[in-house]
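Here the structure is laid out as structure tokens; the discussion comes afterwards.
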Amino acid sequence: MAPVFRKQLLNDIEVDVVIIGAGYTGLWTAYYLSKLNLGLSIVIVEAEHVGFGGSGRNGGWCSAFLPMSPTEMAEQHGRDAMQFIQYEMFATIAEIARVTELERIDCDFHQGGTITSASSSAQISRVKDYVAQWRTAGFDETVIRWESADEIETRLRTRKTYGGMYSPHCAVIHPWKLVQGLARVLEARGIAIYEQSRVVSVKQHSVRTTRARVHARWVVHAVESFASQQRRTKRSIVPLYSLMVATEPISPHIWNEIGWSERETFADGRNMVTYAQRTADNRIAFGGRGAPYHLGSRISPKFDVNEQIHDRLRKTVRETFPALGDVKFTHQWGGPIGAPRDWHAFANVDHRTGLCSGGGYVGDGVALSNLIARTLVHQMVNIESPLTRSLLVNHHSRTWELEPIRWLGINGLLTLTEIADARERRSGAPASRIIAFRDRLLS
């Protein structure tokens, strides 16, 4: 579906709130501000078009799990703070379902849960350890559990599974439909969205685009991976490319072999991240990491396609679902996700300067952006709420290393992950030492 192009910002304006970025974070922030009925004037300025970044072309996982593990959150913020934010994330799935129904946003929302399958003996202990980590963190089997191979195969049938993790706290959506639906709702409320209006500088109470200036009480920075392209925030986040492929619509007789009737999100238990969904029009959309990081945090449309990685993804899909036979792949795409140095999301508001920012999703932003937006709004208008005291508030990650150390380090981590997966395929044993060494380098 092609974007609907909107007008540029050509003249100076003055408003209460200017939001930079027309992705999920910016749109949800505008939505919840408008619902307060405070008479605030709100505009959104976007360098390209609504949903240009990850919001419009992600894997469609509306997941309640954060980029930070429960163990990491508890160690840094305490057990109570960790449990609070996690339960808020569970509630966020229901909140997105509520809003999409209320606002009649048809985005193929369906909550079927999520599966991580252990497809080799090496993966069994890793997936079981992940489930055990959640149990130690205080979450019972209604939140996350190990299921046997037979139980997983009643959900979907892959080439091989030794069992896996299941949680009900995940839904699937069509990312483009959600982002466009939110934009339509906002415009119906009189909120202007200016496209092709690239921001070139941000100051207290002021934003300058290539053609005009916006004066505002609040400036909300909601650009995720594209913060790496701005001088002021260049080292706050790095753009890591994630790539996807999708099949043609699959016939009913093949789906009868595969199952997957509840459209659970699906991942393989390997070290390199994979993610998949059965779409509402009966395709398999399958994505994965592994594309190289580009020197200087460069972002370019030419990086959206990497034939080697896309070929590997198509091969993985066929290996995982042998019932596909000669089903064709019709789409391939990609784009950057934003990763702060400590993988920690944030929702920061400075009442003195009016500068606000939210992000740090590391690919988990479909649902988390909604919680971040509500957290920002509660802070901005001084709503008394536990959200304003959550571990997301006023978190500032340390900056990424200077180049070329950053380039060497990130690509080295990717290489170690690939080596670990290759060793596990050969030996059948977990490559625990390699992964432990990788994680020490990242810390």
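Read the figures in this text as sums done on the coordinates, not as results from a lab. Bear in mind the structure is a predicted one, so any value in this text is a computation, not a measurement. Positions of Cβ are backbone-derived with ideal geometry, glycine not excepted, and every protein chain shown enters the neighbour counts.
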Amide proton proximity set for S206, modelled H, under 5 Å, gap of 5+: A216
Run through region 254-333 and list the GluC sites (Glu not before Pro) located in a DSSP loop whose Cβ has at most 16 other Cβ atoms within 10 Å. E262
Taking the Cβ of N382 as the center, what net charge do the other residues with Cβ under 15 Å away carry, scoring Lys and Arg +1 and Asp and Glu -1? +1
Note the listed values (1) 51; (2) 24; (3) 30, then indicate which one is percent of Cα pairs over 36 Å apart calculated from this particular structure. (2)
Share of alpha-carbon pairs per 10 Å distance bin for region 204-338, given as whole %: 11, 33, 25, 17, 11, 3
Lys and Arg at +1, Asp and Glu at -1: add these up for the other residues within a Cβ distance under 15 Å of D281 and post the number. +2
DSSP bridge pairs, the chain: antiparallel proportion in percent, nearest 5: 65
Got the relative contact order for region 280-338 handy, in percent, Cα pairs under 8 Å and 6 or more residues apart? 42
If you put +1 on each Lys and Arg Cβ and -1 on each Asp and Glu Cβ, how big is the dipole of region 354-443 around its Cα centre, in Debye rounded to 20? 240
In debye to the nearest 20, how big a dipole does region 41-99 give about its Cα centre with +1 on each Lys and Arg Cβ and -1 on each Asp and Glu Cβ? 180
Would you mind working out the magnitude of the charge dipole of the chain relative to its Cα centre, with +1 at each Lys and Arg C-beta and -1 at each Asp and Glu C-beta, to the nearest 20 Debye? 1200
As a check on your grasp of the helix formula, calculate [θ] at 222 nm for the chain: sum -39500 (n - 2.57) over DSSP H runs of n ≥ 4, divide by the residue count, round to the nearest 500. -11000 deg cm²/dmol
Taking the mean number of other Cβ atoms within 10 Å as a proxy for protection, how do you rank 109-120, 163-174 from highest to lowest? 163-174, 109-120
All alpha-carbon distances of region 100-183, grouped into 5 Å bins from 0, give the whole-percent distribution 3, 14, 19, 17, 14, 11, 11, 8, 2, 0
Which whole-number percent is the relative contact order of the chain (Cα, under 8 Å, 6+ apart)? 22
In terms of the ratio Rg/(2.2 N^0.38 Å) built on C-alpha atoms, what value belongs to region 280-343? 1.34
Ranked packing of 39-51, 345-357, most packed first, by mean Cβ within 10 Å: 39-51, 345-357
Per-q log10 I(q)/I(0), region 256-395, q = 0.10, 0.11, 0.20 Å⁻¹ (Debye; single scatterer per alpha-carbon; no solvent): -0.50, -0.59, -1.19
Below 8 Å between Cα atoms, with a sequence gap of 6+, how large is the relative contact order for region 316-443 in percent? 20
Could you pull out every one of the lysines with an alpha carbon less than 16 Å from that of K160, ignoring same-chain neighbours closer than 8 positions? K315
Based on the Cβ-Cβ distance from E151 to S125, what FRET efficiency comes out when R0 is 25 Å, to the nearest 0.05? 0.85
Looking at region 1-95, which chymotrypsin sites (Phe, Trp or Tyr not before Pro) are DSSP coil and have at most 15 other C-beta atoms within 10 Å of their C-beta? F5
With everything on Cα atoms, drop me the angle between helix 365-380 and the longest principal axis of the chain, reported from 0 to 90° to the nearest 10. 30
Candidate lysines - alpha carbon under 28 Å from K203, same-chain residues fewer than 8 apart omitted: K7, K35, K234
In the calculated pair distance distribution of region 323-443, what percentage of Cα-Cα distances lie above 22 Å? 57
From zero up to wherever the largest Cα-Cα distance of region 16-126 sits, split into 5 Å bins and tell me the percent of pairs in each. 2, 9, 13, 16, 18, 18, 13, 7, 3, 1, 1, 0
